[in-house]
Amino acid sequence: MALVVTGVVVLDCAEPEKLAAFYKELLEAEETDATANRVEIRGADGTRLAFRRDVKATPPSWPRPENSLQAHLDFHVEDLDEAERRVVGLGGRPLETKDASGPFEERGYADPAGHSFTLRMVPATAPKQG
């Protein structure tokens, strides 16, 4: 039997209820636990995130180097434009970067508390022809 049975990514923020609401909508998630200082959610695909109250939390400044990455989340999507509209509609914002996109098409964003995350295009999985 495994000693550790599950894991949760926890983001520190000033207002965990508001940040949980953002990710609940984005991930079509359900709230699985809540206390005065922490909210946990589970997405439809099983992704588990928690948001812990830290009144001194400082948003990351990525892509600027000072106070850069504290945590970074990647989400795979089938339609980047539709996903971007949803992120912005929920209070997120696009991040400008000068880095090459790499092997997959992707876009960077900040959630309402300033944590960075990436929406990454899922490559089509069409059957091979011939």
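The values are calculated or read from the model by the stated rules, or taken from the named source; none is laboratory data. Since the structure is predicted, the reported quantities are computational estimates derived from the model, not experimental observations. Please note: Cβ atoms are built from the backbone with ideal geometry, for glycine as well, and neighbour counts cover all protein chains shown. The accessibility values were calculated without ligands, DNA or RNA, using every heavy atom of the protein model including side chains. Shrake-Rupley method; radii C 1.70, N 1.55, O 1.52, S 1.80 Å.
Using the Cβ-Cβ distance between GLU105 and LYS18 with R0 = 30 Å, the FRET efficiency computed as 1/(1 + (r/R0)^6) comes to roughly 0.50. So what's the net charge close to LEU90: Lys and Arg +1, Asp and Glu -1, counting the other residues with Cβ under 9 Å from its Cβ? With Lys, Arg at +1 and Asp, Glu at -1, the net is -1. The order of the peptides 15-24, 29-38, 50-59 by mean Cβ neighbours within 10 Å, most packed first, is 15-24, 50-59, 29-38. Note on ASP45: accessible area approximately 130 square angstrom, rounded to 10, probe 1.4 Å, nucleic acids and ligands left out. If the chain linking THR35 and GLU96 were pulled fully straight, counting 0.36 nm for each residue of separation and taking away their Cα-Cα distance, it would gain 18.5 nm.
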